[in-house]
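The values are calculated or read from the model by the stated rules, or taken from the named source; none is laboratory data. Since the model is a prediction, treat every value here as computed from it, not as a measurement. Note: ideal-geometry Cβ built from the backbone for every residue, glycine included; neighbour counts use all protein chains shown. These accessible areas exclude ligands, DNA and RNA; they are computed on the full protein's heavy atoms, side chains included. Shrake-Rupley method; radii C 1.70, N 1.55, O 1.52, S 1.80 Å.
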Number of protein chains: 2
Amino acid sequence: MQRSLCLLLLTLIFTMMQPNELPADEGLWLFNNPPKEHLKKKYNFDAPQAWYDHLQKSSVRFNSGGSGSFISADGLVMTNHHVGLTALQRLTGVVNKDIKDPAKKKDFAKDGFYAKTLEEEFKSIDEELNVLIEITDVTARVKAAVTKDMKPEEAFEARRGVIAKIEAEAAKATKDNDYRADVVTLYQGGQYHLYKYKRYTDVRLVMAPEQQVAFFGGDPDNFAYPRYDLDMCFFRVYENGKPAKIEHFLKWSKNGVSDDELVFVSGHPGHTDRLNTVADLEYNRDVRYPYALQRLNRLEVMLSIYSQRGADHERKAKDNLFGVANSRKAYYWGLEGLQDAAVMNKKKAQEKALKDAVAKNAELKDLASAWKTIEGIQKVRAANAKRYNLLEAGHGFNTPLFGYARTLVRAAEELPKPNEKRLQEFGDSGQETLKLKLFSKRAFDKDFETAKLGDSLGWFAEMLGYKDPLVQKVLAGKSPNVRAFDLINGTKLFDPEVRKKLYEGGKEAVDASKDPLILLAKAIDPDARKLRKVLENGYAEPNEQAYDKIAQAKFAIEGASNYPDATFTLRLSFGPVKSYVEAGKKIPFQTTFEGLYAKNELEKNRAPFDLPQQWIDKKNKLNLKTPFNFVCTADIIGGNSGSPVVNRAGEVVGLIFDGNIQSLVWDFVYTDEQARAVAVNSQSIPEALRAIYEAEPLAQEIVSGARK
Amino acid sequence: MQRSLCLLLLTLIFTMMQPNELPADEGLWLFNNPPKEHLKKKYNFDAPQAWYDHLQKSSVRFNSGGSGSFISADGLVMTNHHVGLTALQRLTGVVNKDIKDPAKKKDFAKDGFYAKTLEEEFKSIDEELNVLIEITDVTARVKAAVTKDMKPEEAFEARRGVIAKIEAEAAKATKDNDYRADVVTLYQGGQYHLYKYKRYTDVRLVMAPEQQVAFFGGDPDNFAYPRYDLDMCFFRVYENGKPAKIEHFLKWSKNGVSDDELVFVSGHPGHTDRLNTVADLEYNRDVRYPYALQRLNRLEVMLSIYSQRGADHERKAKDNLFGVANSRKAYYWGLEGLQDAAVMNKKKAQEKALKDAVAKNAELKDLASAWKTIEGIQKVRAANAKRYNLLEAGHGFNTPLFGYARTLVRAAEELPKPNEKRLQEFGDSGQETLKLKLFSKRAFDKDFETAKLGDSLGWFAEMLGYKDPLVQKVLAGKSPNVRAFDLINGTKLFDPEVRKKLYEGGKEAVDASKDPLILLAKAIDPDARKLRKVLENGYAEPNEQAYDKIAQAKFAIEGASNYPDATFTLRLSFGPVKSYVEAGKKIPFQTTFEGLYAKNELEKNRAPFDLPQQWIDKKNKLNLKTPFNFVCTADIIGGNSGSPVVNRAGEVVGLIFDGNIQSLVWDFVYTDEQARAVAVNSQSIPEALRAIYEAEPLAQEIVSGARK
């Protein structure tokens, strides 16, 4: 029944996208260009610049791929359980290392964690948080470096050079490692902004609930609504061994949200394809999505059956499995949207309108070629993308240990070069982040790494074709899983000290190494680099130039009412809290704890609708009428997980953790008939902390904005 | 640890295939050509022909894809739980139709079933059992119909014609519907035999244990050993409403097996690729297996997440999910073997030896071209196979309802033609079986059929490419899941009466039908038929002729010491019960109930190592020392599931249900260093029936060979 309902809705959403009377609240807006006019006109919202600045500096990026916010003066950070999952799992791995009895092993990801005192707060492995401090427009300087007569490879080099230089200058201007500076490409090359971030690398775990209640409903309810998930996790940032003193943090709202109330979301949407041309979307539909889905299906099966082997296996694979299943679902329904003729026809009509407007305007005639260019380079992409993914993106070598090997091999070659001549990821500005990852103390499990690597070597052989000389080189006469067994059992790269020595020893040390993973990374590096160049020159560079033209055209015709596609940098979105109609039935804008228990009882506590034991035991301590989850029309996408939802006063009213299934088309087109962002209501958080987790001090800090 | 061990073993098995001193006990032997000489020489086994005839006529084929045997004079049939799974699930569907309260719904596949009296025995839906009664060699007649000067399409038509004629004559010679006659192609076209079967269509369910104990260890233990599975299921065949009187049935052994004891397996291996040339195996490695694996991964994810939605969903998907996961594991490790250079090198050496011998013998020079021919036609296969699978094999339309639609559309066209001009499946000899399936009373679930069809339409679009005109035709402007929703909600083919009316109404009725599935089947039929012809003429026919030559060459050089590849027809295999060494550790030839409980306790009753409640409650009633599972070297493959294992006296000592992971290379090469068939020990069956299931009458019938 549930599924049928779903499908009915898809029909509606895919065929009934009609313009609103007022412009829709679409947009992943830059903090230095928020849609103030629209907000004033439509919502009579007219906040001073300081309102925006405060929200910006209270927002946090989890470099592992998520968003968060400061919610106390003592460095308390709020995000989702599923954003904290990697950290929870790494801590589990480190703690279990010293526990011999299998019955006593911990599983923080599954069972949750709560530090009653500062002393009990747990330092996360490799977690880096960034706070955006300053934005500078450097478009003119970057564009000046690229001249019209340059060949693609020259243009690419020139742009890379000037960007590395700008970043290096900015890095030098700061006194220590606590800052980083990135040049961000916006509007697919239409603008370049220099982002200065404050870095926090001492990030400690404060509290996480059980995964059962954070991810209640599991895969069936993922991207669904109504929902009942306490998808929250709290960290604290430290400086010099003490909780960091934070100037900009968000105040808490005790009132939650009401129907139709305007709310704002501040977070780091990862990637969208809104500006994409039809040819580009067709490539996604015909090549990128199907490949991604095939790979994710394979990974999901591998990780699921690995998990079945025992409780220990389940623990090891949990984080990977969650991520893979989540992506699989997003790709599946995204592709379903791309395969809907109504969606593509709408995109075609929009594109035609823009092209027609360009054709009519003599001043824009230089821009008219962009669509043809983009159509043409899809062939380069199609011819090389699979090989690139396998070789350069590492789909064929699915273990972080191979990533270490490659980083070491390349660092030995790249670091001696001048900054602006290096591969982008070896630039001076990213050095500290790179070393943080490379020298990580996280624990690896031989068996799990073997399973992942073995499976991906099989994928590599199947995708490239067994007879490909590169496959022969990689497998070295062994079958994929046997080869992986040899590689993982032979490598010493598990040990951070070994990695450090190789890194510091430079080319000489790396050349002398007999480590089988180093040898493998070396053996395929010429091919991987060649492929990267082919795609950079034949696709990425002309792509950037062509989209620059389209962005210019859009700007010329539509004015400044515009936002760039998502780039995992800070954005502001907004929209009302809003119920919607599904198959003739009104879906209320919020749920309560009462609904959680009703669903649990309906499904007889059967996984994934089961509850942690203490939630059953302490049910009568909870105010069951407390609002739990709600939906709003704010424009979000993957990466926004953990974003705070604030009201007009800038107070936290919610915590974004998902979108509904209708929102899965937001990757390439925004609609607000039924598509919604899904959030945890701010009222449910202190309520659950007090009634279930007996975490009064934390609840108190959240509500008051400071530790007692 | 378990996995690492596994890998170590794979290295061993794949690199250490060395000849035994005596010839290995390889072979899927025809009952009219058993290896009597070898058995006499190696095992001093010299049974009269009557011994073979009795075993043949006691053996049963489950047309749904498995094996079994008669074990009482009153029609009692023994097979595996996983062979009976489809029947168990269909019964569940039919029974649940009339149960409104979800809490009262049955799940026979999960919870098992036991009919205490004949009245309680449950008639299975669409189950057809066949018993091989007579074999006639018709090679000369079939080969005479094909002359050297014929074009491939003429040769194909001539062969199809003469086969249809032989089958029709044989069918006419029997008085009623209780028999069927099939011409079986052996040695890939080297020989043709006419098989006459007795058909049983009133097949009733007698007893099945819980799936938990039948499939204890689930996917992790599937294809593994040591094992602890009670993978059994009992049916009874009826004639004229009464238990059929059976002349040939197997006696029961109370003694089970001892180490090194010679045993025999009689069953229906489905498909092997032993005779395959290297070019053919490379095609399998590079094209067939990767495609199959990708499709199975996708299906497994779809069915798994469907199952998670609730207990009802899990029940509906169980049978499909089991089959898909089982195939996925077989393909995965089969492909791992094909990707091992050592395996392929062995095959290359064998092929070279045979080719060299042919080259040296002037009388065989006509046969020398066969290998080149087979190499050449792999291109036809590669160019058409994917499209064929999607369109003609139905991978793009994954619901039996589409199968009905196509059968109706084609029956309307084919049946008016003369018998020998029809598509093979519409020949006179198969009419009754076809109608049994088409008019089936099985219950379908709209939601489940929509989910499967929707997912497969997506697969269809991704694999053919969205822009393919056929994809456009099939999707009709909708996205895949929306299109599936429309098709399933619009069709009336759920109703067997509707199907019957369309079938009996012939072309006129089908042409007039507006049923959306009929319209879809009609729309793609010209393309599907065209593709089938291309593959029949460009691949199947030259393939059959070339393998005929290779079989002749093998026969000329090696003599009659030969058996044909598996064809889901009755075969005899044999070998000793035998322990083996894995990573330096001896794996004992049999396990006991004690081991089952030990494993269950080690894994703390965590799924898939959990036990049904009554197995825990009644543990002290069981003799824990009873042998449970054992291994032997008998040559088996998928389709052998449910085969009886008999001793020299022809008594049942076991019930085949699996092979270990090392046996997964048996598809293309037999080895017996470590590869083993896995069986339930005959002693454990009455013991469990008595102690756990309180099924004394059934235990009594099994042991005594008749109902009391």
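A Förster distance of 51 Å, applied to the separation of the beta-carbon atoms of B:Ala311 and A:Lys421, puts the FRET efficiency at 0.25.
Mean projection of the Cα convex hull over all viewing directions, computed for region B:527-578: 6.1 nm².
Between copies, B:Glu375 shows label-point distances of 4.3 nm, shortest first, with the point placed 7 angstrom from Cα along Cα to C-beta.
Along each principal axis, taking the top coordinate minus the bottom one, the Cα set of the protein assembly as shown gives 99, 73, 71 Å in descending order.
Within chain A, the ratio Rg/Rh, alpha carbon atoms throughout and Rh by Kirkwood, equals 0.94. Taking a straight line from the alpha carbon of A:Lys578, these lysines sit under 18 Å away, with near neighbours fewer than eight places off in the same chain left out: A:Lys42, A:Lys586. Panel values: region B:587-708, Kirkwood radius from alpha carbon pairs, Stokes-Einstein at 4 °C and 1.567 mPa s, translational diffusion coefficient 81 µm²/s. The length gained on full extension between B:Lys245 and B:Asn32, counted as 0.36 nm times the residue separation minus their Cα-Cα distance, comes to 74.1 nm. Note on A:462-468: average number of Cβ atoms from other chains within 10 Å of each residue's Cβ is 4.
Return the inverse of the average 1/r over all pairs of distinct C-alpha atoms in region B:491-631, which is the Kirkwood hydrodynamic radius, in Å to one decimal. It would help to have the intermediate numbers written out before the result.
Working: mean 1/r = 0.0436 Å⁻¹.
For region B:491-631, the Kirkwood estimate is 22.9 Å.
With a cut-off of 12 Å on the backbone N, no residue of region B:176-208 is near the modelled label site 7 Å out from B:Asp366 along Cα-Cβ.
Report in % the part of the accessible area of region B:22-77 that belongs to carbon and sulfur, leaving out ligands and nucleic acids; probe 1.4 Å.
Numbers: 1060 of 2090 Å².
About 50 percent, which is the carbon plus sulfur part of the accessible surface.
With Rg and the Kirkwood Rh both taken from Cα atoms, where does Rg over Rh land for region B:445-559? Computed over Cα atoms, the ratio is 1.17. Each peptide in A:94-103, A:537-546 gets a packing score, the mean of other Cβ atoms within 10 Å over its residues, and the list from highest to lowest is A:537-546, A:94-103.
Just tell me how shielded A:285-293 is by partners: mean number of partner chain Cβ atoms within 10 Å of each residue's Cβ, no decimals.
Values: counts 5, 5, 2, 0, 1, 7, 1, 0, 7.
The mean count of partner-chain Cβ atoms within 10 Å per residue comes to 3.
Of all beta-carbon atoms in chain B, the one sitting closest to the axis that brings chain B onto chain A gives B:Asn297, 2, with the distance in whole angstrom.
The calculated FRET efficiency for the pair B:Phe45 and B:Glu375, based on their C-beta separation and a Förster distance of 56 Å, comes to about 0.85. Computed as a quarter of the hull surface, the mean projected area of the alpha carbon convex hull for region B:498-556 stands at 6.2 nm². For region B:289-382, which whole percent of the accessible surface, found with a 1.4 angstrom probe, sits on carbon and sulfur atoms? Ligands and nucleic acids excluded, carbon and sulfur give 55 percent. Label-to-label distance for A:Ala349 and B:Gln431 is 5.6 nm, based on points extended 7 Å past Cα in the beta-carbon direction. Taking 7 Å steps out from each Cα toward its Cβ at A:Ala556 and B:Ala382 produces label points 4.8 nm apart. Among the residues of region B:318-360, which ones have their accessible area go down by 20 Å² or more when all the protein chains sit together, as opposed to their chain alone (1.4 Å probe)? Flagged in region B:318-360: B:Arg328, B:Tyr332, B:Glu336, B:Gln339, B:Asp340, B:Ala341. Counting only protein heavy atoms and a 1.4 Å probe, region B:23-66 has 44 square angstrom of accessible area per residue.
Per residue, what accessible area does region B:176-268 have, given a 1.4 Å probe and all protein chains present, in Å²?
Working: 2810 Å² over 93 residues.
Value returned for region B:176-268: 30 Å² of accessible area per residue.
Peptide B:141-149 is shielded by partner chain Cβ atoms: per residue, an average of 0 of them sit within 10 Å of its Cβ.
Total buried accessible area between A and B, probe 1.4 Å, nearest 100: 5300 Å². In a DSSP loop and with at most 13 other Cβ atoms within 10 Å, the trypsin sites (Lys or Arg not before Pro) in region A:188-259 are A:Lys245, A:Lys254. Which of the residues in region A:218-238 lose at least 40 Å² of accessible area when you go from the chain alone to all protein chains together (probe 1.4 Å)? Residues losing area: A:Pro220.
Remark: label point of B:Ser704 defined 7 Å out from Cα along the Cα-Cβ vector; separations to the same position in other copies 8.3 nm, ascending.
With r defined as the distance between the Cβ atoms of A:Glu119 and A:Gln613 and R0 fixed at 41 Å, what FRET efficiency is calculated, to the nearest 0.05? Don't jump to the answer; show the numbers that get you there.
On the way: r = 27 Å, r/R0 = 0.66.
Once the sixth-power term is evaluated, E becomes 0.90.
How much length is gained on full extension from A:Ala140 to A:Phe494, taking 0.36 nm per residue of separation minus their Cα-Cα distance?
Once the chain is fully extended between A:Ala140 and A:Phe494, it gains 122.9 nm.
With label points defined 7 Å past Cα in the direction of Cβ, position A:Glu154 shows copy-to-copy spacings of 6.7 nm, given to one decimal and shortest first. Projected onto its three principal axes, the C-alpha set of region B:390-475 covers 39, 31, 15 Å, listed from the longest axis down. Sticking with the crude label model, points 7 Å out along Cα→Cβ, report the distance from B:Lys254 to A:Asn623 in nm, one decimal please. Each label point lies 7 Å from its Cα, and together they span 7.4 nm.
Computed on region B:549-602, the Cα convex hull volume stands at 202 Å³ per residue. Across region A:73-180, Cα-Cα distances exceeding 17 Å account for 71% of all pairs.
With the cut-off at 25 Å, tell me which of the pairs A:Lys196/A:Lys549; B:Lys106/B:Lys254; A:Lys123/A:Lys329; A:Lys143/A:Lys533; B:Lys97/B:Lys492; A:Lys165/A:Lys435 have Cα atoms farther apart than that. Going by Cα-Cα distance, A:Lys196/A:Lys549; B:Lys106/B:Lys254; A:Lys123/A:Lys329 fall outside the 25 Å limit.
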